[in-house]
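K.L.:
Sharing a structure, written as structure tokens. Questions coming.
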Amino acid sequence: MTRQLTEKQKATLWQQRRMASYQASCRLAGYVLNDVTAEQNDDRLESLRRQYGG
């Protein structure tokens with residue numbers, strides 16, 4: 001019997017699949033992406049919020 005995924009697990013899985021799809025699309029278009037961790041992303045977002053007053 002398989003277990004049902006929790007909402008958090010579903011959200012995490014969806015986010016991982018979305019990122020993989022986005023990266024694949026970018027590679028097909030010839031773009032080069034840097035791997036960014038969630039912490040780096042949060043730091044960048046906070047920096048932009050401070051800069052633009054959001």
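The values are calculated or read from the model by the stated rules, or taken from the named source; none is laboratory data. These numbers were taken from a predicted model, which means no experiment stands behind them. No Cβ is skipped: glycine too gets one built from the backbone with ideal geometry, and neighbour counts run over all protein chains shown. Calculation scope for accessible area: heavy atoms of the full protein, side chains included, ligands and nucleic acids excluded. Shrake-Rupley method; radii C 1.70, N 1.55, O 1.52, S 1.80 Å.
K.L.:
Restricting to the range 1-29, name every residue that is at pLDDT 90 or above, surrounded by fewer than 10 Cβ atoms within 10 Å (Cβ to Cβ) and not basic (Lys, Arg).
P.N.:
Matches in the range 1-29: 4, 6, 7, 28, 29.
K.L.:
Follow-up question, since we're still on this one. Which of the residues spanning the range 1-19 are acidic (Asp, Glu) and within 11 Å of the chain's Cα centre (by Cα)?
P.N.:
Matches in the range 1-19: none.
K.L.:
Does residue 39 meet the test of being of a type outside the set (S, T, N, Q), in a helix (DSSP H, G or I) and open to solvent by less than 90 Å² (accessible area, probe 1.4 Å)?
P.N.:
When the stated conditions are applied, residue 39 does not pass them.
K.L.:
Within the range 45-54, track down each residue that is modelled with pLDDT under 85 and either among the hydroxyl-bearing types (Ser, Thr, Tyr) or part of a helix (DSSP H, G or I) (or both).
P.N.:
Answer for the range 45-54, where residues must be modelled with pLDDT under 85 and either among the hydroxyl-bearing types (Ser, Thr, Tyr) or part of a helix (DSSP H, G or I) (or both): just 45.
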